[in-house]
Amino acid sequence: MPIDDPTTATPSEIDEELARLDIEHAEANDTLTALTARVQRLVNDGMAEYATELRPRIEQARQTIAECEAAARPLDAEFERRGGWTRAWLVLNTGGHVHRTTACRICFPSTRFAWLTQLSGHDEAEIVEQAGEAACTECYPSAPVDVRKRPSRIKTPEQLAREAEKAERAKAKAAKAITAPDGTPLRTKGYGQIETEFTARRSYADALAYARHLSRADIARHRDTIADYREDAQLILAALAAKHGRTEDDLRTELAPKVESRWKREYK
Ligand SMILES: [Zn+2]
């Protein structure tokens with residue numbers, strides 16, 4: 001996300017934006033290189049008029065490159081102004097190491113890195129602690145031996161984002177879900193296993209409305225069925241009360257209008 005005021009941004013925020021600009025810059029650069037080569041081929045083949053059509057796209061790529069560079073300038077300046085801060089990169093291959101700089105002696109120009117922007121500005125001891133066996137010995141010569149024996153806990157910003165998304169989805173799902181008060185599936189006679197709170201509320205209203213309907217029709221004849229539906233309603237009520245930490249009386253009052261309207265609509 002673009003940063004309005006670099007002087008108040010955290011190292012992670014600044015580096016995250018710089019990493020994003022880096023990627024956009026690299027992509028525009030690749031586009032520019034590919035288009036320029038195509039233009040050259042067309043000109044060589046005597047089809048210069050087709051090359052003209054590519055000019056706007058070349059211009060667009062150049063502009064993107066210039067914009068990325070302009071956006072990065074104040075962020076780089078802020079890094080300098082603060083006298084720099086710690087940064088860490090993870091080499092993107094199996095067993096890749098964590099480095100304090102992409103200029104590390106043991107890396108190659110072609111090495112692909114993930115910029116661990118979430119660790120920007122963190123204590124080097126903490127970075128090494130998280131990296132464990134993945135800490136580069138060139139970059140972190142003072143890392144304690146016992147720390148180097150531990151497995152790496154390093155994650156890339158992409159992995160962290162995916163995990164956060166997954167947790168968010170699980171939370172949303174849990175918010176909608178319902179179980180019996182002891183956490184086991186909520187099983188009813190008339191509505192089977194109830195998975196969501198939405199279904200629970202609707203089934204509760206239906207069970208009581210239907211029980212009322214049967215009572216009025218012929219209470220003696222339907223005695224067992226009425227008891228089953230009332231039992232279902234009671235199970236659902238207990239589940240809702242447990243989920244929300246509310247009393248059954250409280251929820252019964254809240255749901256009474258739903259029972260009433262269900263009865264009027266479906267059974268009256
Ligand atoms: Zn290194």
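The values are calculated or read from the model by the stated rules, or taken from the named source; none is laboratory data. Computed from a prediction, not measured in an experiment: that's the story for all the values here. Positions of Cβ are backbone-derived with ideal geometry, glycine not excepted, and every protein chain shown enters the neighbour counts. Keep in mind that these areas ignore ligands, DNA and RNA; they rest on the heavy atoms of the full protein, side chains included. Shrake-Rupley method; radii C 1.70, N 1.55, O 1.52, S 1.80 Å.
Taking the DSSP beta bridges with both ends in the chain, the antiparallel portion is around 90 percent.
For the stretch 89-158, the Cβ-based charge dipole about the Cα centre amounts to some 220 debye (Lys, Arg positive; Asp, Glu negative; other atoms uncharged).
Just the Kirkwood number for the stretch 186-267, please: inverse of mean 1/r across all distinct Cα pairs, in Å, one decimal. Evaluated over the stretch 186-267, this radius sits at 12.7 Å.
Each Lys or Arg adds one and each Asp or Glu subtracts one; over the other residues with Cβ under 15 Å from the Cβ of residue 56, this totals +1.
Please work out the Cα center distance from the stretch 93-131 to the stretch 26-48, rounded to the nearest Å. About 35 Å separates the Cα centre of the stretch 93-131 from the one of the stretch 26-48. For the chain, take the longest principal axis of its alpha carbons; what is the angle in degrees between that and the long axis of helix 248-262, to the nearest 10 within 0 to 90? Once rounded, the angle reads 80 degrees. Placing dummy labels 7 Å off each Cα toward the beta-carbon, the span from residue 152 to residue 256 is 6.3 nm.
Relative to the longest principal axis of the C-alpha atoms of the chain, give the angle of the C-alpha long axis of helix 157-176, reported between 0 and 90° and rounded to the nearest 10°. The helix 157-176 is inclined about 10 degrees to the chain. Treating each Cα of the stretch 84-189 as one equal point scatterer and applying the Debye formula with no solvent, the log10 of I(q)/I(0) at q = 0.13, 0.21, 0.22 Å⁻¹ comes out as -0.57, -1.07, -1.15. On the beta carbon distance between residue 86 and residue 29, with R0 = 45 Å, the FRET formula returns roughly 0.95. Straight-distance candidates among the lysines for linking to residue 258, with alpha-carbon spacing under 26 Å and chain neighbours fewer than 8 residues away dropped: 173, 176, 189, 243, 268. About its Cα centre, the dipole of the stretch 153-256 is roughly 260 debye, where the only charges are +1 on Lys and Arg Cβ and -1 on Asp and Glu Cβ.
Based on alpha-carbon atoms, the Kirkwood radius and the radius of gyration of the stretch 22-123 give Rg/Rh equal to 1.14. In the chain, the DSSP-assigned H stretches of four residues or longer account for a calculated mean residue ellipticity at 222 nm of -20500 deg cm²/dmol, using -39500 (n - 2.57) per stretch and the full residue count as denominator. Full extension of the chain segment joining residue 69 with residue 221 gains 46.5 nm, where the gain is 0.36 nm per residue of separation less the Cα-Cα distance.
Between helix 11-44 and the chain, what is the angle of the helix's C-alpha long axis to the longest principal axis, kept within 0 to 90° and rounded to the nearest 10? Rounded to the nearest ten degrees, it is 60. By a 1.4 Å probe calculation restricted to protein chains, residue 189 has an accessible surface near 130 Å², given to the nearest 10.
All Cα-Cα distances of the chain, cut into 10 Å bins from zero to the largest, leave 6, 18, 17, 12, 12, 14, 12, 7, 2, 0 percent in each bin in turn.
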